[in-house]
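Worksheet: one structure, shown below.
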């Protein structure tokens with residue numbers, strides 16, 4: 001997708017505490033192994049403290065930049081990992097909402113997993129979209145005009161932009177297959 005001959009450029013947006021470890025680290029490793037440049041943007045430049053199962057401490061990750069420093073136009077795909085605390089805090093951050101709106105407004109794909117679709121609910125981006133998420137978000141998605149389904153991965157290209165969603169870390173394989181397809185064009 002990238003014009004510069006690389007294999008694409010992905011932006012992952014998170015908070016500094018509470019992102020589900022595998023929903024951030026597995027996609028980072030998968031994409032980077034394939035030559036994709038992935039930048040992780042957090043609220044602050046401090047380490048990102050991941051969690052396992054929303055409760056147990058996970059690995060720490062150093063962000064590449066802050067949400068305030070992101071130029072969304074420089075990326076081919078937006079990755080929004082879950083983690084209840086991460087997603088609930090992230091959706092209240094103006095810069096994160098602006099980044100999502102930049103992607104939807106320009107027709108670039110967004111991949112959100114687990115609680116990550118809360119960002120799309122917050123920005124009014126799910127109306128008319130078919131998607132999945134962690135089951136507890138289904139009422140929020142439906143109230144925001146989305147068509148929530150219980151499937152491992154859902155890709156919806158309506159409305160001029162591609163949305164890839166999955167339910168939880170157990171769905172990472174099919175989720176990443178769809179992310180790869182989106183980056184391939």
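The values are calculated or read from the model by the stated rules, or taken from the named source; none is laboratory data. Here the structure is a predicted model, which means the values were calculated and not measured. All Cβ positions, even for glycine, are placed from backbone atoms using ideal geometry, and neighbour counts span all protein chains on display.
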Flagged in segment 65-87 as loosely packed, with under 15 Cβ neighbours inside 10 Å and touching a strand residue (DSSP E or B) at 6+ places or on another chain (Cβ under 6 Å), in numbering order, are 65
Subset of segment 88-120, residues on the phi > 0 side of the Ramachandran plot and either modelled with pLDDT under 95 or crowded, with 23+ Cβ neighbours inside 10 Å (or both), comes to 114
Over segment 50-63, the set of residues under 17 Å from the mean Cα position of the chain (by Cα), part of a strand (DSSP E or B) and over 14 Å from residue 169 (Cα atoms) is 61
Given the conditions (1) under 16 Å from the mean Cα position of the chain (by Cα); (2) in contact (Cβ under 8 Å) with a residue 12 or more places away in the chain, every one holds for residue 29 apart from (2)
The condition from (1) assigned to a strand (DSSP E or B); (2) in contact (Cβ under 8 Å) with a residue 40 or more places away in the chain; (3) farther than 21 Å from residue 42 by Cβ that residue 112 misses is numbered (3)
Of the residues in segment 155-177 that are in a loop (DSSP other than H, G, I, E, B) and in contact with a helix residue (DSSP H, G or I) (Cβ under 9 Å, 6 or more places away or on another chain), the one that is farthest from residue 137 (Cα to Cα) is 161
- Would a scan of segment 121-139 turn up a residue that is out of contact with any helix residue (DSSP H, G or I) (no Cβ under 8 Å at 6 or more places or on another chain) and crowded, with 23+ Cβ neighbours inside 10 Å? yes
